[in-house]
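One structure is given here, and the rest of the page talks about it.
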Amino acid sequence: MAGADIVTAWVADGRLFLQDRHGVGETTPPLDQKGDWRPLHARENATHTVLVVARAINTCDGQDFVLTNETVRLIYAWGDTDPTGDTPGYHGMRRGNRFALVLLPFHRPVRTPGTESSSVQTWQVRQEVTLPPGRHTFYWCHMEKVPAWETKHQYIGFDMLYGRHARERLHHAVAFECLTHDGGAGEEVFEQYVGHGELLPDHVGYPLGERHGGATYVLFQTHYDNKPLHRDLTVEWGMDIYYTDKLRKYDAGNIGLGHALLFSLVVPPRVPYWQVAGHCDSACTQAAIPDEGVSVFMVFLHGHYLARAIRLRHFRGDRELKPMAVDSHFDADFQQSRRLAKEVRLLPGDHLTVECDYDSRGRNRSTFTGWAAEDEMCQAFINYYPRVDMALCRSSPHPDSLAEAFALPPFQRNLDLNTFIFDPKVGGEGEGGGEGESYQERLQRMPWKDFDFGRANAKLLEGEQVVKCQLNYGAGQLQGGRGRCWAWRSLSSPSLGGVKWVTCLSL
């Protein structure tokens, strides 16, 4: 418990005992020099003790933890009897922990007669999936049809329901809106990674149904992990999706940002710090965002098990604004959207950068992007209003920069960077199974002992980027040309001169 900020409390003889403590190791946490907790409510009966306490977000006390909207691991423990003195006894095995965004403004809708919440309805989605034997990672998709309402309805939030084995085996779920174009398949236009649920602000909602500006079908893609390879394992989970016909003022949208799902995301083995960045350049936002801009009200940050920190940075011209979201304590076991304390205006011509910090000291092999939990990603999703046509705005280092960073032969020609390519060929002219060798296998054979990780990482961060702007509903892609550049000030690497230039290709 070293470094932990701890409060201990109990009720005895109708009196509340409240203590401010801090962890120093495997011993009784000592009292703080100054107590900052104050009681709000306490009660106790034969089965339960209920305590409600409060303190300032920042107590300016060096023995307290400053509360932010970043991921926090909460530890808890309890005793079976009240202390006989002023110090609680050892809790033994009566303990646990959970992750939280302690400042997250999330509340479930309460149906109060005569208020908007009385019009909130619930659409229930339930799933039981038996995992196939012999596969440690598994994706499963199923489709749900939105109820056919005559009038417009809006989605306003959801609660996640965990049944048998879900907390251990359900890595995440993604919801995609799908449209029914004649003669074609539905298009991905929205995605939401599932944590513990979300509730949208009172003035925004997502339209439901094509005739009302949304989608008629929702595809749920779920990712399961079964590393122990248990047999006959059935995972049960569900969602209560909240919607209303009492329309909010704005229709909301979602834009996926970060590093594209391409082979250029790689984390070498046994390095304490490696950074990956993905960009949405000014040309994309200039083409998709209206003159008056849009308001960002919620952000979701996503990485896997090597990720330690994720930032969503915001640039306007040559000036960096306050980051939209920062999580310096990111943990892949906690996936949760975060409401912004104050909505952020995104204007045409703004530039967004997602940065991810990784620590691979526990791995002896390189890690690449991919769908499995042991692969990596670097993504952010912004929820905003009013709704516009852009669905994705991501980038990846140019293949030439990747080859130079790791001293690789040239990549195969005619790579289609609009598709999910995880392992192209290097050193040959062929495509697919043609000449050349596997890029991933080549990196796995790299002699890392004397490798200059700092130089390689800087080459990828500062080199040419391929930027993809994708419109909703399969309407096309924003077109741009080679040579469109932007500049931004580097706060994380001042030794690089303070200004980085990236040439963007809008495919």
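The values are calculated or read from the model by the stated rules, or taken from the named source; none is laboratory data. On a predicted model such as this, the values are computed, not experimentally measured, just so you know. Note: ideal-geometry Cβ built from the backbone for every residue, glycine included; neighbour counts use all protein chains shown.
Pairs meeting the criteria (first residue in segment 69-97 and farther than 25 Å from Asp333 by Cα and modelled with pLDDT of 85 or more, second residue among the hydrophobic types (A, V, I, L, M, F, W, C) and part of a loop (DSSP other than H, G, I, E, B), beta carbons under 9 Å, at least 6 apart or on different chains) are His91/Trp78.
Leu262 meets all of the listed conditions (1) touching a Leu at 6+ places or on another chain (Cβ under 9 Å); (2) modelled with pLDDT under 95; (3) farther than 30 Å from Phe453 by Cβ but one, namely (3).
Scanning segment 315-342 for residues that are crowded, with 18+ Cβ neighbours inside 10 Å and acidic (Asp, Glu) yields one hit, Asp327.
Only one entry in Asp452, Asp423 is modelled with pLDDT under 95, surrounded by fewer than 17 Cβ atoms within 10 Å (Cβ to Cβ) and either not assigned by TED's automatic domain parsing to the domain that holds Met377 or not hydrophobic (A, V, I, L, M, F, W, C) (or both), namely Asp423.
Remark: pairs (first residue in segment 281-293, buried (at least 23 other Cβ atoms within 10 Å of the Cβ); second residue assigned to a loop (DSSP other than H, G, I, E, B) and hydrophobic (A, V, I, L, M, F, W, C); Cβ separation under 7 Å; 6+ apart in sequence or on different chains) = Cys284/Leu478.
Screening the candidates Gly134, Gly163, Gly184 for the property of being surrounded by fewer than 19 Cβ atoms within 10 Å (Cβ to Cβ) and at pLDDT below 85 yields one hit, Gly184.
Of Ala46, Ala4, Ala12, Ala42, which residue is among the hydrophobic types (A, V, I, L, M, F, W, C) and touching a His at 6+ places or on another chain (Cβ under 8 Å)? First the steps, then the outcome.
Values: Ala46 fails: touching a His at 6+ places or on another chain (Cβ under 8 Å); Ala12 fails: touching a His at 6+ places or on another chain (Cβ under 8 Å); Ala42 fails: touching a His at 6+ places or on another chain (Cβ under 8 Å).
Of the residues listed, the single one that is among the hydrophobic types (A, V, I, L, M, F, W, C) and touching a His at 6+ places or on another chain (Cβ under 8 Å) is Ala4.
Selection of segment 364-417 for residues being on the phi < 0 side of the Ramachandran plot and of a type in the set (S, T, N, Q) yields Asn364, Ser366, Thr367, Thr369, Gln379, Asn383, Ser395, Ser396, Ser401, Gln412. Within the set Glu441, Glu437, Glu462, Glu429, the sole residue that is exposed (fewer than 13 other Cβ atoms within 10 Å of the Cβ) and at pLDDT 90 or above turns out to be Glu441.
Would you confirm, using the coordinates I've provided, whether Arg442 is assigned by TED's automatic domain parsing to the domain that holds His279 and of a type in the set (Lys, Arg)? In short, no. For segment 348-374, a residue qualifies if it is at pLDDT 95 or above, assigned to a loop (DSSP other than H, G, I, E, B) and acidic (Asp, Glu), and the qualifying residues are Asp350, Asp359.
Give me the pairs: first residue in segment 1-12 and in the same structural domain as Asp61 (by TED's automatic domain parsing), second residue assigned to a strand (DSSP E or B) and of a type in the set (A, V, I, L, M, F, W, C), beta-carbon distance under 6 Å, and six or more apart or on different chains, which are they? Taking only residues 6 or more apart or on different chains, the pairs are Ala9/Leu18; Ala9/Leu51; Trp10/Phe17; Val11/Ala42.
Out of curiosity, is Val467 surrounded by 15 or more Cβ atoms within 10 Å (Cβ to Cβ), at pLDDT 80 or above and assigned by TED's automatic domain parsing to the domain that holds Val271? So Val467 passes the test. Screening Glu44 on (1) farther than 27 Å from Gly197 by Cα; (2) touching a Pro at 6+ places or on another chain (Cβ under 8 Å) shows it passes everything except condition (2).
Considering segment 1-50, the residues that are in a loop (DSSP other than H, G, I, E, B), within 32 Å of the chain's Cα centre (by Cα) and of a type in the set (A, V, I, L, M, F, W, C) include one that is surrounded by the fewest Cβ atoms within 10 Å (Cβ to Cβ), namely Ala2. Within segment 128-176, the set of residues being assigned to a strand (DSSP E or B) and hydroxyl-bearing (Ser, Thr, Tyr) comprises Thr130, Thr137, Tyr139, Tyr155, Tyr162. Can you tell me which residue in segment 187-200 is nearest to Glu128 (Cα to Cα), limited to those that are crowded, with 21+ Cβ neighbours inside 10 Å and at pLDDT 60 or above? Here the answer is Glu198.
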